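One structure below.
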Amino acid sequence: MKALRRCMILSHSFDLHYRNLSAIANVKLDSQDLVWVGTNTTQVSNLQKVLQECARERAPMEGKACHGLIICAGLQEDTFTSNMLINMYSKCGLGDSARKVFDEMPQRSLVSWNTMIGSYTQNKSEEEALYLFMKMQREETQFSEFTISSVLCACAAKFAIFECKQLHAFALKVSIDSNVFVGTALLDVYAKCNAVEDAIRVFESMPERNAVTWSSMVAGYVQNKLYEEALILFHRAQMIGLEHSQFTISSVLSACACLAALIEGKQLHAVLHKAGFDANIYVASSLIDMYAKCGTIKEGYVIFSCVEEKNVVVWNALVSGFSRHARSIEAMISFEKMQQMGVRPNEVTFVSVLSACGHMGLVEKGRKYFDMMIKDHNLSPNVFHYSCMVDILGRAGLIHEAKEMIDKMPFDATPSMWGSLLASCRIHKKLEFAEVAAQKLFEIEPNNAGNHVLLSNIYAANKKWEEVVRARKLLKDSKAKKERGKSWIEIKDKVHTFMVGERNNPRIAEIYLKLEDLLEEMKKLGYRGETEHDLHDVEENRKQELLMHHSEKLTLAYGLMCLPSSAPIRIMKNLRICGDCHSFMKFASSITGREITVRDTNRFHHFKNGFCSCGEFW
Ligand code: ZN
Ligand code: ZN
């Protein structure tokens, strides 16, 4: 009786949709099917075909109508058809209906459980997926490698490392850990949960790996910021002649971008070109992004020009590329141009143009874009947009207004906002705001020594010596540690890394000699070591010496030694460049006549003829 009522309701909706249904499935269904009862093999297979189409096309209304017909035909108890229904409902995002079908099934086979668990994972109801798996175990239902890999996917989405470890142990117990799907899912969860060591162990112990396994491991390295390892693994995959998916390529491209490994990036570009992938709009934007981050926006622009149908993603890659290089005018022109071409800017575009305004100190323009975004484009500013505004206002010396912006915005301020305010206070010598910002930073990031250094520098610049001593003592007493400075340079497709005070490089003696020579010449031109950037409690002489050990200086010397005399030198640094290294690079660029680029955590500094593109803002 209940079934009949449901059939009537559903048939009604079928009435509205059966035309669509036949169109979708490209099968002939006439209204006679509506009153059809009993089973006819052709009709049953037609119905199943329609159901699959509904799942593929994500057509829930037609799917429901089909469900009605299935009940009419008395097929609701058929396990095979029910599995298809679960699949259809879950693809259409109707998890509850899927579960209802599942619960009403008189008999479940393994496929039903797998489909239902898969459905939960797909529809982001990961807890239900885990719960159902537990139920499955309680009922002692058999499971397969697909069940385990589905549940692992749920773990990956929830960053549930504990559950993942349990499943791993379970997989070992029932000897399916060597299955390629299970292994791949396991390493994926480990990598996503930052347990990259475990991910590597799983990867290396797998007897069989497919393309997804390789690409998950490459992506895993990238997620965990192990870019060099990602590149090495990618080469291993190339050696065994593996076909690369666009997904792998985009992971490797972003590794190149993060390492600023231009030579690697170019080689990859060649691979992409050969495979015909570079015409793809998303690959093109990854390439533009890679070239921009590697410091060669020109080549990024060439790729941009070749893209025929430019969408917002491609435009964004260009605008952000220009902005990153402090080429604010070009960033703004591109922004105007994209609109002329009928492409609507999105949130990402506005972050780039606003930060371009920040580089140039364009307060009014910044305000205009911020308003335009809300009024003309109906976008609500997120934390990044506010961050840019705080930066723009602060740099322009409107510290009070910047602080107001932070107080008024609908989010908690991020450390980078307070950091930017603190930096602005240093430039504009606003002590009282500096103390507020520093206090906030000490609360949010108690272990970041950089904040203590900044505040102490501000006190020093204001000649508040007692406070300088206090700030240094505070740093000494706190557990704050300064992340060790590290810089690197790519020479002949190999990345060479230098730590602060590096001793291990085989050519280190030569490097220090080279630095000595440079220093002599610079001193003649008026360079003085700016020791206020060093917080070590030591003599002035020793400080001068310590400054010479900063990793970017060592890297520069090495670059000068190894690269041909006309080649530009591109250095990457894991922290913000210090004031002394900044002025050192300016002098070095005029003495050697080289173009020197330093990419620090914040931006690119292009040094040429004694000047830097950042205009002393960093
Ligand atoms: Zn330095
Ligand atoms: Zn600079």
Checklist entry - Which lysines does K293 reach when only Cα atoms under 17 Å apart count, and residues fewer than 8 places away in its own chain are ignored? => result K225, K266, K573
Next on the checklist: Restricting to Cα pairs below 8 Å that are 6+ residues apart, what does the relative contact order work out to for the range 384-463? Please round to a whole percent.
Outcome noted: 27 percent
Checklist outcome for this item: Long-range amide H partners of I571, meaning residues 5 or more apart or on another chain whose placed amide H is closer than 5 Å, are T597, V598, R599
Checklist entry - Counting Lys and Arg as +1 and Asp and Glu as -1, each charge on the Cβ, what is the dipole of the range 325-375 about the Cα centre in debye, to the nearest 20? => result 60 debye
Checklist entry - What relative contact order, as a whole-number percentage, does the chain give when Cα pairs under 8 Å and 6 or more residues apart are counted? => result 6 percent
Next on the checklist: Over the range 136-215, with the other protein chains present, what is the accessible area per residue in square angstrom, probe 1.4 angstrom?
Outcome noted: 50 Å²
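On full extension of the chain, what length is gained from N280 through R56, given 0.36 nm per residue of separation minus the C-alpha to C-alpha distance?
Numbers: separation 224, 0.36 × 224 = 80.64 nm, distance 2.42 nm.
Gain in length upon complete extension: 78.2 nm.
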Item to check | Inter-part distance where the range 382-460 and the range 83-111 are each reduced to a Cα centre, Å | outcome: 53 Å
Checklist outcome for this item: Under 5 Å from the placed amide H of M409, counting only residues 5+ away or on other chains, we find none
Checklist entry - By DSSP, what percent of the beta bridges with both residues in the chain are antiparallel, rounded to the nearest 5? => result 75 percent
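Stokes-Einstein diffusion coefficient for the range 274-338 at 4 °C in a medium of 1.567 mPa s, Rh from the Kirkwood formula over Cα pairs: what value in µm²/s? Don't skip to the answer; put the middle values down first.
On the way: Rh = 11.5 Å.
Result for D is 113 µm²/s.
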Checklist outcome for this item: Between the Cα axis of helix 145-158 and the main Cα principal axis of the chain, the angle (0 to 90°, nearest 10) is 40 degrees
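Are any of the pairs K365/K586; K365/K440; K430/K463 more than 23 Å apart by Cα-Cα distance, and if so, which? Write down the numbers at each step before the final one.
On the way: K365/K586 30 Å; K365/K440 29 Å; K430/K463 13 Å.
The answer is K365/K586; K365/K440.
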Next on the checklist: Checking the a/c ratio against 1.5 first, then a/b against b/c, what shape does the Cα gyration tensor give for the range 487-612?
Outcome noted: rounded
Checklist entry - Among all the lysines, which ones have a C-alpha under 22 Å from K368's C-alpha, if same-chain residues fewer than 8 places away are not counted? => result K337, K403, K408
Item to check | Crossing angle, helix 328-340 versus the chain [Cα axis fit, 0-90 degrees, rounded to tens] | outcome: 30 degrees
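Would you mind counting up the charge near A331? Only other residues with Cβ under 12 Å from its Cβ, with Lys and Arg at +1 and Asp and Glu at -1. If you can, show how the numbers build up before the last one.
Details: positive: R324, R327, K337, K365; negative: E330, E336.
Surrounding charge for A331 is +2.
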Checklist outcome for this item: Helix 399-408 sits off the longest principal axis of the Cα atoms of the chain, rounded to the nearest 10 on a 0 to 90 degree scale, by 20 degrees
Item to check | Net charge of neighbours whose Cβ lies under 13 Å from the Cβ of A237, counting Lys and Arg as +1 and Asp and Glu as -1 | outcome: 0
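With a Förster radius of 41 Å, plug the Cβ-Cβ distance of S144 and V271 into 1/(1 + (r/R0)^6) and report the FRET value to the nearest 0.05. Before the final figure, lay out each step's value.
Numbers: r = 36 Å, r/R0 = 0.89.
The calculated FRET efficiency here is 0.65.
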Checklist entry - Which one of A449, A438, T414 has its Cα pushed farthest toward the positive end of the charge dipole of the range 382-483, where Lys and Arg give +1 and Asp and Glu give -1 at the Cβ? => result A449
Item to check | Cα-centred dipole magnitude for the range 487-612, charges only on beta-carbon of K, R (+1) and D, E (-1), debye, nearest 20 | outcome: 520 debye
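Find the Cα radius of gyration of the chain, compare it with 2.2 N^0.38 Å by division, and give the number to two decimals. Present the calculation step by step, with values, prior to reporting the outcome.
Details: Rg = 30.5 Å, N = 618, 2.2 N^0.38 = 25.3 Å.
Against the empirical 2.2 N^0.38 Å value, I get 1.21 for the chain.
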Checklist entry - In the neighborhood of G394, defined by Cβ-to-Cβ distances under 11 Å, what is the net charge if each Lys or Arg adds +1 and each Asp or Glu adds -1? => result +2
Next on the checklist: If the reach is capped at under 25 angstrom between alpha carbons, list the lysines near K173, excluding any in the same chain fewer than eight residues apart.
Outcome noted: K135, K158, K165, K192
Item to check | Residue-wise HN-Hα coupling along the range 357-369, computed from phi with Karplus coefficients 6.51, -1.76, 1.60 (Hz; x: Gly, Pro) | outcome: 4, x, 4, 9, x, 8, 5, 4, 4, x, 4, 4, 5
Checklist entry - Quick one: Cα centre-to-centre distance for the range 49-64 and the range 168-232, in angstrom? => result 35 Å
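May I ask for the longest run of the chain untouched by trypsin sites (Lys or Arg not before Pro) that are loop-located per DSSP and have at most 14 neighbouring C-beta atoms (other than their own) within 10 Å? All intermediate terms of the calculation are to be shown ahead of the outcome.
Numbers: sites that count: K28, R58, K124, K225, K429, K463, K479, R484, K492, R503, R507, R528.
The longest uninterrupted stretch comes out as 226-428.
Assigning unit charges at the beta carbon (Lys, Arg +1; Asp, Glu -1) and nothing else, what dipole magnitude in debye, to the nearest 20, does the chain show about its Cα centre?
Its charge dipole is roughly 860 debye.
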Next on the checklist: Could you work out what % of the accessible surface of the chain is carbon and sulfur, using a 1.4 angstrom probe and leaving DNA, RNA and ligands out of the count?
Outcome noted: 53 percent
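Give me the percent of Cα-Cα pairs in the range 550-608 that sit more than 17 Å apart, rounded to a whole number. Don't skip to the end; give the middle numbers.
Values: 447 of 1711 pairs.
So the pairs more than 17 Å apart make up 26 percent of the total in the range 550-608.
The values are calculated or read from the model by the stated rules, or taken from the named source; none is laboratory data. Everything numeric in this text was worked out from a predicted model, so none of it was measured. For neighbour counting, all protein chains shown are included, and Cβ atoms are generated from backbone atoms with ideal geometry for every residue, glycine included. Surface areas here come from the heavy atoms of the whole protein model, side chains and all, with no ligands, DNA or RNA. Shrake-Rupley method; radii C 1.70, N 1.55, O 1.52, S 1.80 Å.
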